[in-house]
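Comments concern the structure below.
The values are calculated or read from the model by the stated rules, or taken from the named source; none is laboratory data. None of these values were measured; they are calculated from a predicted model. Glycine gets a Cβ as well: all are built from the backbone with ideal geometry, and neighbour counts include every protein chain shown. Heads up: the accessible areas ignore ligands, DNA and RNA and are worked out on the full protein's heavy atoms, side chains in. Shrake-Rupley method; radii C 1.70, N 1.55, O 1.52, S 1.80 Å.
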Amino acid sequence: MQCTEVQLITFISLKKKIIDLFIGALRISSDTTNTQMLLGGLMLLVEDMAVCEAAEQTTFQPHDISQESENQVFSDNSQSSLKTSSSESSFKEGSYHRLGHQASDTDSAHGLFGEAVTLICPRLLSQWKTDLNSALAAMEILAGLAKLVISPPNLLMCKCTVKWICEFIVQQCNRPAPAHSKDLHSTIVAAFRCLSLWLVEHSRLLYDKECLHVVQEVVELGISGSKSQKPEIQSVLLKDTKIAPSVQKLERSKSVPSILYKTFSVRFAKQTSFESNRASDPPKYKQDKQRQPASKRVQEAAEGLLTCIIQHVGAFPPPCGPESLFSLLDEKSLLKYTKGNSCLPEHGSPFRYYVLENAIVVGLLEQPLGNIEDLLPTVTALIRGPFGRHAWVMQLRHSPRIKRGSSKSHLSDPGRPMPVENVGTHHSVKPRNFPESVDKVTATKAEKSIPTLESLVTDEKRPELNKLKSFIEKQDQFESQIGQRKQQEVKSMPFPNQDTECKPPKITEEFQAARLFLSHYGFLSLEALKEQSNTSLPPSLVTLDTTNPGLTNDLEMLDTITARDNDTVHVFYVKSGQRLAQDILRNVGSQRGIQGQFLEFLHSLGWPVDVQKHAGWTGHISTSWKISQPEDIQENAPRVGTGGSIYDGQQQVLYWADVSSEVAFIVPSLDNFHRLQNDGHKSPQLSVSTPSEGPGGTKPTTLSLERPLTEPRNKTMESPSSPHDAPAFRTRRFGRPSAVTIGPDTKIFVVWLENFEDHENFPTGDLLPMTSTGLEQYTATSSSSMRQDKDIFLIYIHALQNGLFRIHMEGNTGKISMAIPLVDGMVVSRRTLGSMVRQTAINIGRRKRLESDSQVSSEDNGIRVLHSFIPRCSQVIAPRNKSCAEAKEESNLMIWFSN
């Protein structure tokens with residue numbers, strides 16, 4: 001009997017017990033370290049199950065629940081916005097289905113997803129909100145869950161998750177002043193980033209009115225520090241007895257967890273100011289509110305979420321791919337397609353540059369592009385600001401494009417109609433000045449008081465009168481002859497007469513499109529050109545000098561500022577017993593001797609990109625964030641048969657990106673070391689010392705792989721993984737430290753071990769110089785020894801014989817512990833290895849940025865770069881002090897220009 005029971009125990013039968021064990025342990029866990037380990041394991045379970053179901057093409061159909069119970073979940077009042085959206089919103093038009101959550105079903109990814117969300121979010125709002133590491137771990141797991149593809153998607157729990165994250169932000173922002181600290185604000189920033197990721201991955205959530213309203217309120221709270229309105233539900237649920245039975249029914253319902261009701265009840269009970277601020281009250285406008293955000297970091301995070309909603313939700317990835325969030329068009333690209341112009345920006349750009357509101361640079365090109373045939377005022381605008389670079393083409397049209405025909409059809413001369421010979425009967429009627437009845441009136445003596453000419457002419461004057469009459473008759477005859485002759489000439493001339501025909505004016509082909517653009521958008525005015533007397537800020541409209549030779553470099557520097565976090569992960573392959581760095585670098589040169597699972601793992605990290613053509617992060621600053629022209633690309637023969645060395649940063653790298661992060665995975669090879677030798681460095685020998693030993697004997701100015709660990713980083717270290725023949729303009733661009741977002745110098749190594757014990761002898765210090773990204777000179781760390789001790793994180797992977805992979809984590813953590821979902825000692829399946837490693841690497845970088853005091857947001861960095869070259873390249877449009885006559889003349893000119 002015992003043998004029979006043992007035979008019934010299989011790994012599949014243990015799956016349910018393992019899941020229940022994880023969920024039960026997470027519910028009662030109070031230790032931070034254990035909580036993070038359990039969260040990482042839960043993420044592994046959900047993702048592995050989702051990937052497995054997708055591979056097997058299985059579809060789980062949960063039991064349907066009534067629409068009434070679903071509406072009760074979000075029934076904030078008797079007229080729920082969700083109830084109306086069930087018939088009005090576009091949820092039903094998409095792939096989402098309104099499905100309930102079966103709390104007892106954890107045998108599928110759909111059910112386990114809902115169980116994980118309902119397990120994490122309520123604890124995040126209660127016991128984890130004061131624990132920094134647990135809160136960050138919860139946000140990392142929620143961010144990972146947002147990217148999972150669950151079939152069918154659980155929209156109800158997605159909406160619950162978004163509302164829970166919003167509620168967490170509200171609770172953290174409303175905590176008393178003594179509780180506000182850097183750690184608290186770090187959790188709020190992490191929540192905003194997680195929320196933006198959820199909205200991008202589930203963009204149809206914003207079609208729901210209630211969800212959109214909650215998100216907008218959280219954005220308003222983060223930017224201004226307060227809400228303009230408070231929902232009326234906060235007092236209705238506490239006072240309206242009609243809703244109480246449905247709430248009790250909701251709590252007893254098995255289809256929805258009871259924690260949902262409890263969480264909302266606690267939130268509603270805490271709101272006591274409903275009577276002073278009703279939902280029916282008009283909202284406070286932005287100019288009437290006093291801005292008091294929790295901190296500048298929180299305000300920037302809320303502004304980033306608002307920018308993400310406007311630009312990327314429902315539109316990511318953009319048409320150019322996820323490698324760039326902004327337009328890939330610049331001055332060089334646009335000038336190639338202009339009509340009759342092939343000049344480049346360096347040779348006198350036809351663009352006119354203006355600075356608007358001291359924050360946005362607009363480059364206006366008045367020449368139409370080659371694909372524009374309409375002769376209309378056309379302006380091409382390159383808009384640069386904290387939100388990136390965008391290109392727009394605008395036309396001033398008098399008719400919509402939907403009408404048939406182009407603008408030429410409305411501007412062309414239609415011509416006059418042809419004459420018609422049959423004009424009808426012509427009646428020759430002599431017009432009268434007075435009616436006929438006037439002739440019948442009897443003349444009076446007064447009318448005869450003026451004598452006639454005949455009565456006054458005497459016999460002596462009569463010959464002169466007769467002579468005058470003859471002159472008049474001759475002149476009348478002469479004029480009649482001329483009139484008849486002219487009529488004959490007109491009749492003999494062809495129709496129409498070119499001399500007398502009315503012709504339309506010539507169509508204007510040259511416009512002052514830049515002036516029209518600035519005037520129509522309200523930037524060209526006297527107030528915009530005046531400098532403020534009580535501040536040092538420039539006017540609202542500033543013209544930049546296009547003849548300044550440094551303007552082009554300044555604009556290129558502004559374009560290098562990215563809005564996403566960029567991380568670099570270096571991957572190494574260590575054969576059994578290897579300790580020398582040179583041997584480790586030689587392993588990836590050929591496929592021989594490399595485990596096939598390693599190559600499969602590499603391709604699961606990201607997709608290959610060509611360094612010369614790539615517009616995103618490439619792992620080194622000298623080749624990143626550029627727009628490559630076809631004539632600048634050198635075609636190189638691709639290397640074949642390598643063990644991963646093709647991704648060493650010379651030709652290709654492995655790249656992955658989402659809306660908030662981009663990662664470059666580089667596999668350093670021995671070719672990098674040989675290229676460094678050929679560049680003329682003295683004795684670039686790889687050291688054999690361990691990380692704790694500091695090799696010496698090299699000069700501080702020598703760029704070798706034996707650089708002392710105590711050497712100050714006062715010069716840019718060239719990475720062997722970066723092209724040695726990088727263009728000169730790229731070096732000039734990145735030579736200015738103000739163009740680089742300063743942050744922590746974090747090194748992340750992924751090491752593939754054939755023998756697990758070799759992790760104890762891995763030469764981290766020897767391989768460290770091979771992993772330069774060009775950002776070391778801008779970081780706050782002053783020495784390599786400090787960087788080696790604090791900012792190096794290693795993820796060791798060892799393939800087991802059963803097809804699973806053992807994980808070992810190393811890295812010194814400060815106040816913020818090691819990131820998840822990977823934890824030390826975890827065993828990962830083959831199908832989730834690449835995704836879990838990638839998520840962990842991204843989360844490590846995010847945690848280090850939250851911990852760093854030198855991290856500067858991309859918005860602030862862009863504004864600082866913009867302010868640095870405005871005084872140097874600006875032109876004075878309007879003098880500050882003018883006489884009355886000059887001011888009057890300027891006013892008249894401005895009125896004329898505006899019209």
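With 20 Å as the limit on Cα-Cα distance, the pairs of Lys296/Lys530; Lys227/Lys296; Lys227/Lys848; Lys129/Lys163 that go past it are Lys296/Lys530; Lys227/Lys848.
Dipole check for the range 421-501: with +1 at the C-beta of Lys and Arg, -1 at the C-beta of Asp and Glu, and the Cα centre as origin, the magnitude is about 280 Debye.
Extension gain for the segment Arg830 to Val393, taken as residue separation times 0.36 nm less the Cα-Cα distance, is 152.4 nm to one decimal. Here the Karplus relation 6.51 cos²θ - 1.76 cosθ + 1.60, evaluated at θ = phi - 60°, turns the backbone of the range 200-205 into coupling constants of 6, 6, 10, 5, 6, 5 Hz, with x for every Gly and Pro. Residue by residue, the range 534-551 carries 3J(HN,Hα) couplings of 9, 8, 8, 5, x, x, 5, 10, 10, 8, 9, 7, 6, 7, 5, x, x, 5 Hz when phi is fed to the Karplus relation 6.51 cos²θ - 1.76 cosθ + 1.60 (θ = phi - 60°); x denotes Gly or Pro. When only DSSP loop residues count, what GluC sites (Glu not before Pro) in the range 439-499 have their Cβ near at most 15 other Cβ atoms within 10 Å? Hits after loop and neighbour filter: Glu447, Glu460.
Here is the list for the range 570-663: trypsin sites (Lys or Arg not before Pro) lying in DSSP coil, each with at most 10 other C-beta atoms within 10 angstrom of its C-beta, are Arg592.
Let a ≥ b ≥ c be the square roots of the eigenvalues of the Cα gyration tensor of the range 440-499; is it rounded (a/c under 1.5), or, if not, prolate (a/b larger than b/c) or oblate?
oblate
Each peptide among 515-526, 19-30, 147-158 gets the average number of other Cβ atoms lying within 10 Å of its residues, and from highest to lowest they stand as 147-158, 515-526, 19-30.
Annotation: amide H-H contacts under 5 Å for Val571 (H modelled 1.01 Å from N, sequence separation of 5 or more, or interchain): Ile666, Val667, Val750.
Which order do Glu509, Glu331 take when ranked by solvent-accessible area (1.4 Å probe, heavy atoms of all protein chains), largest first?
Glu509, Glu331
Checking the cross-link pairs Lys17/Lys159; Lys332/Lys613; Lys332/Lys626; Lys15/Lys575; Lys747/Lys815; Lys448/Lys474 against a 24 Å limit on the alpha carbon distance flags Lys17/Lys159; Lys15/Lys575; Lys448/Lys474 as lying beyond it.
Keeping every protein chain present and rolling a 1.4 Å probe, give me the accessible area per residue for the range 496-540 in Å².
In whole numbers, the range 496-540 has 76 Å² accessible per residue.
Contact order for the range 494-545, expressed relative to its length and based on alpha carbon pairs under 8 Å spaced 6+ residues apart, stands at 20 percent. Note on Lys467 and His427: their simple-model spin labels are 4.8 nm apart, each label 7 Å out from Cα toward Cβ.
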